[in-house]
Amino acid sequence: MSKANGEKGKIVVILLTIFILILIALAVGYYLGTLKYEKQFESLSAEFDKFKSNYEYRLTSIESNVSKIMAFVSERKGETEEQVNRIKLMSLLLKAKGEIISCKLSLANENKDKSFEQIDNAIYTLREALVLAKRKEAEEIEKIRLDLATVKGYLESNVKKAQDELDKLWRKIDDLIPRE
């Protein structure tokens, strides 16, 4: 029995040694696999960081360009709105000028009712123009409106004076119309 026990003891030692060697091999394999994946992770992490910095650079560049474009568009929009307002103002001033000239012609044809209507139209048109006018122009337009109201009073008593005043007023309006 001792021989059998001795052989069994050797087999157990050999099996235990093999088992330990397998465990060591597994541990080394696990360690080497972990190192390999750690290197791949570091490599991917470095590439991701590189991609991220490139992405941020491009995004910042695009945002900068968009800001420049938006500023340009905003500037042009402002200029366009200003030009549109100037054209509307010019149109209203021309309309008022036409009403005043028509009023003068109606007076020449001794049609006072039509003259009153045309002066009222000119005053109303100039009131619309006040909204679009700049401060200095608005003051001039308001003076012309007041003068037109005075001319309205002259229509009843002194037609000649009314015609002379209308002549002056349409010329004042003509001076306000921008020449470009």
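The values are calculated or read from the model by the stated rules, or taken from the named source; none is laboratory data. Quantities reported herein were computed from a predicted structural model and do not represent experimental measurements. We place every Cβ from the backbone using ideal geometry, glycine too, and count neighbours over all the protein chains shown. Accessible surface is based on the protein model in full, side chains and every heavy atom, while ligands, DNA and RNA are left aside. Shrake-Rupley method; radii C 1.70, N 1.55, O 1.52, S 1.80 Å.
Sorting 74-87, 156-169 by average packing, meaning the other beta carbons within 10 Å per residue, from highest down gives 156-169, 74-87.
Centre-to-centre separation between the Cα atoms of segment 69-139 and those of segment 140-180: 14 Å. Using +1 at the C-beta of Lys and Arg and -1 at the C-beta of Asp and Glu, which of 74, 27, 54 has the Cα lying farthest in the positive direction of the dipole of segment 1-122? Farthest towards the positive pole: 27.
I'd like the carbon and sulfur percentage of the solvent accessible area for the chain, probe radius 1.4 Å, heavy atoms only, ligands and nucleic acids excluded. After summing per-atom areas, the C and S share lands at 60 percent.
Placing +1 at every Lys and Arg Cβ and -1 at every Asp and Glu Cβ, with all other atoms neutral, what dipole size does segment 105-180 have around its Cα centre, in debye to the nearest 20? Show your work: numbers first, answer last.
Details: 15 positive and 17 negative charges, 35 e Å.
I would put it at about 180 debye.
For a straight C-alpha distance cut-off of 21 angstrom, the lysines reachable from residue 68 (same-chain residues fewer than eight places away being disregarded) are 77. Once a ≥ b ≥ c are taken as the square roots of the eigenvalues of the Cα gyration tensor of segment 11-50, is the result rounded (a/c under 1.5), prolate (a/b larger than b/c) or oblate (a/b not larger than b/c)? Since a/c reaches 1.5 and a/b is larger than b/c, the shape of segment 11-50 is classed as prolate.
Once the Cβ-Cβ distance between residue 47 and residue 80 is put in as r, and R0 is 35 Å, what FRET efficiency do you end up with, to the nearest 0.05?
So the FRET efficiency works out to roughly 0.15.
Label-to-label distance, residue 124 versus residue 156, with points set 7 angstrom from Cα along the beta-carbon direction: 2.2 nm.
Taking 7 Å steps out from each Cα toward its Cβ at residue 30 and residue 66 produces label points 5.0 nm apart. Taking a ≥ b ≥ c as the square roots of the eigenvalues of the Cα gyration tensor of the chain, is the shape rounded (a/c under 1.5), prolate (a/b larger than b/c) or oblate? Prolate. The Cβ shell under 12 Å around residue 103 holds other residues with a net charge of -1, Lys and Arg each +1, Asp and Glu each -1.
Sorted largest first by accessible area at a 1.4 angstrom probe radius, with every protein chain in place, the residues 132, 21, 148 fall in the order 21, 132, 148. In loop segments of segment 86-119 as defined by DSSP, the GluC sites (Glu not before Pro) with at most 13 further C-beta atoms inside 10 Å of their C-beta are 110.
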